[in-house]
Amino acid sequence: MSKENGKKKGFSVYWIYFIIALLLLGIQLFTFQKSGKEITVNEFFSRVVPSGDVERLVVVNKEYVEVFIHPDSLQKAGYEDVRTTVFGTPNPGPHFVFSIGSLEHFESKLEEYAQQYPYLKTIPVKYVVKRSILRDIMMWMVPIVILIVLWIFLMRRMSGPGGQIFSFGKTKARVIQNPDEVKVSFKDVAGLDEAKEEVKEIVDFLKNPKKYTALGGKIPKGVLLVGPPGTGKTLLAKAVAGEAHVPFFSVSGSEFVEMFVGVGASRVRDLFRQAREKAPCIVFIDEIDAIGRARGKYLVPGGNDERESTLNQLLVEMDGFDSRLGIIVMAATNRPDVLDKALLRPGRFDRQIILDRPDIKGREEIFKIHMRDLKVAPDVDVHKLALLTPGFVGADIANVCNEAALLAARRNKSQIEMEDFVDAIDKVIGGLRRKIVISPEEKKIVAYHEAGHAVVSWMLKHVDPLYKVTIIPRAMGSLGFAQYLPKERYIYTKEQMMEHMVVALGGRAAEEIIFGHQSTGAQNDLERVTQIAYNMVKKFGMSEKLGLVAFSERDEEVSFQKPYSEETARLIDEEARQIVYKAYEQALKILKENIDHLKNLAEELLKKEVLTKEEVEDIIGKPPASEVNQEKNLQEESIEATEAESSNGKPS
Ligand code: ADP
Ligand code: MG
Ligand code: ZN
């Protein structure tokens, strides 16, 4: 927080109310009080004028008229209430006062009455302008004061709860001077060994710069942590703060973004000014994609000027300091692809540290770290848990551990058992167990659908082995899912992709065969299949008609138009549809050949709701394609795992 904090604390909203009240009072005091008894124009002409008692008239500011009554006439009946002042002395006048709409109107009326009451012609009518300087000042000060008050109010609103009024251009970075403030250390970060090595090196740069510069090398200026959400980027940065023993500035990219033009840039400037004062130090910008998006990419007129100038300022600052100064800029993002190329150029964020989804060993370690503070039963098998959570990132695992603890508490246990962890995993995968009761017919459809996936995957050679099938409905629309244990893979062959689609279509195919109609339950499957098919055609050159071409989606994003002709577009659609059709045919064929297995499996599912791989094997025997393969895969690595069905409405 900046130093301003606290200084302006005494300024509360009540002061504003107070000032306004004072102003209103002032206006009251200094405005003219009309003296005299208030009457209307008509009363004047119909009652006062006919009496013939009017001595003189004073027209003030062309707005109202003061009527003075002849002192002798005051003694007449009817003037009792204006005869004396409040103090009892004779009232010198004005005795009556009335407002006039327009002066011309009044004058003509006066003339008209003068015909009837000629004495009116002889009485003096004086025109005066009464003005108070104070009143005038008040009149134009009030709006200004109100404007100022409003402005201050807005400022305070926008600069957040900190209460700073005039610190727009100031950075909101938090500075950590004393590493003890941070409770996170490298010990709390599991897995990520390479990333940890790299950041340790950076800390080392700052501690012993000589060691590295002696040979003429340059210390990197910027380090970018890249990885999917929840892989521990922020955590790692915090650990650096805890271990570095140099000042650590921490700021989030979105904090540079403000409604006012120029604020972001000046905040960047301020951040680096402070950093230079405190060097050697580390500046950490979390979620840098908020400002670092490629410039001029989205052609929204005027929309991104502000972000652009913020980014420019960041680039300027990063060029501006000498790396010997000892400032290292760390940044984190999960979208390195949208970052501006200029940011990634050597001399800026030239180092990239990739934080990948943890592998099985990493997951095991992360589980252990998060179990440190939990009361875990001795029978909990961490390795098994890691095996069950392919594709999970650190944040998911932290979530699983917490859910398991809550579940165990709800079940009145004194320790968290394996069962709780397994249920917690299911919960994280599929959302909460749904309390709703689905009708037996719907349940049957879901069972056959899932059994369809399972049987098809069982019979195919190139697909991931099944781990379990369930038809327990969960929140977020999932009515069941088949879970696989995939091998960690970076390259897919055409056969694998094809068979993947066949498995995904197995659910719909089973519904078609058994019930002869289609349901909405396959929407997720179809989306995935469509995506795979289009990718095969458009990106991986796996279609014969189109040949070896690859169109990336990024090109489309930039230009808002497709980088191929209408003709090609039609061909792509046609080819993709052809591929999906073939896959569906194959799924149908497999299921028709194994219709008994399908029925047995579905009926068993209806009974038990959950079937593990072993139970499936009991029902339909060992997978014909590759017994060895399936066994082996269980011990191996795994990546993304599950497939949840969505049900958006009743089956039709
Ligand atoms: P992001 O990469 O999105 O910044 P975070 O660093 O905020 O992710 O991670 C969120 C949470 O997930 C952390 O607070 C921590 O509890 C847990 N976590 C993520 N990665 C790890 C890890 N490698 N080791 C231990 N915990 C982790
Ligand atoms: Mg983060
Ligand atoms: Zn499905």
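The values are calculated or read from the model by the stated rules, or taken from the named source; none is laboratory data. Quick caveat: nothing in here was measured; it's all calculated off a predicted structure. Note that we place each Cβ from the backbone using ideal geometry, even for glycine, and neighbour counts take in every protein chain shown.
Quick look at the numbers
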read-out: Those residues of the stretch 60-72 which are buried (at least 19 other Cβ atoms within 10 Å of the Cβ) and touching a helix residue (DSSP H, G or I) at 6+ places or on another chain (Cβ under 8 Å), in sequence order; value: Val65, Val67, Ile69
read-out: Among (1) under 20 Å from Ala265 (Cβ atoms); (2) without any contact (Cβ under 8 Å) to a residue 60 or more places away in the chain; (3) not β-branched (Val, Ile, Thr) - the single one Phe349 does not satisfy; value: (2)
read-out: Subset of the stretch 484-519 [β-branched (Val, Ile, Thr), surrounded by 15 or more Cβ atoms within 10 Å (Cβ to Cβ) and under 37 Å from the mean Cα position of the chain (by Cα)]; value: Val503
read-out: Listing of helices (runs of 4 or more DSSP H) fully contained in the stretch 311-389 that carry 1 or more residues being crowded, with 20+ Cβ neighbours inside 10 Å and more than 26 Å from the chain's Cα centre (by Cα); value: 360-371, 382-388
read-out: Wholly within the stretch 188-291, helices (runs of 4 or more DSSP H) carrying at least 2 residues that are within 16 Å of ligand 2 (Cβ to nearest atom), at pLDDT 80 or above and assigned by TED's automatic domain parsing to the domain that holds Ala342; value: 193-207, 233-244
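For every residue, the table says whether it meets (1) surrounded by fewer than 23 Cβ atoms within 10 Å (Cβ to Cβ); (2) more than 16 Å from ligand 1 (Cβ to nearest atom).
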| site | (1), (2) |
| --- | --- |
| Pro229 | yes, no |
| Leu235 | yes, no |
| Ala241 | no, no |
| Val251 | yes, no |
| Phe256 | no, yes |
| Val263 | yes, yes |
| Arg267 | no, yes |
| Leu271 | no, yes |
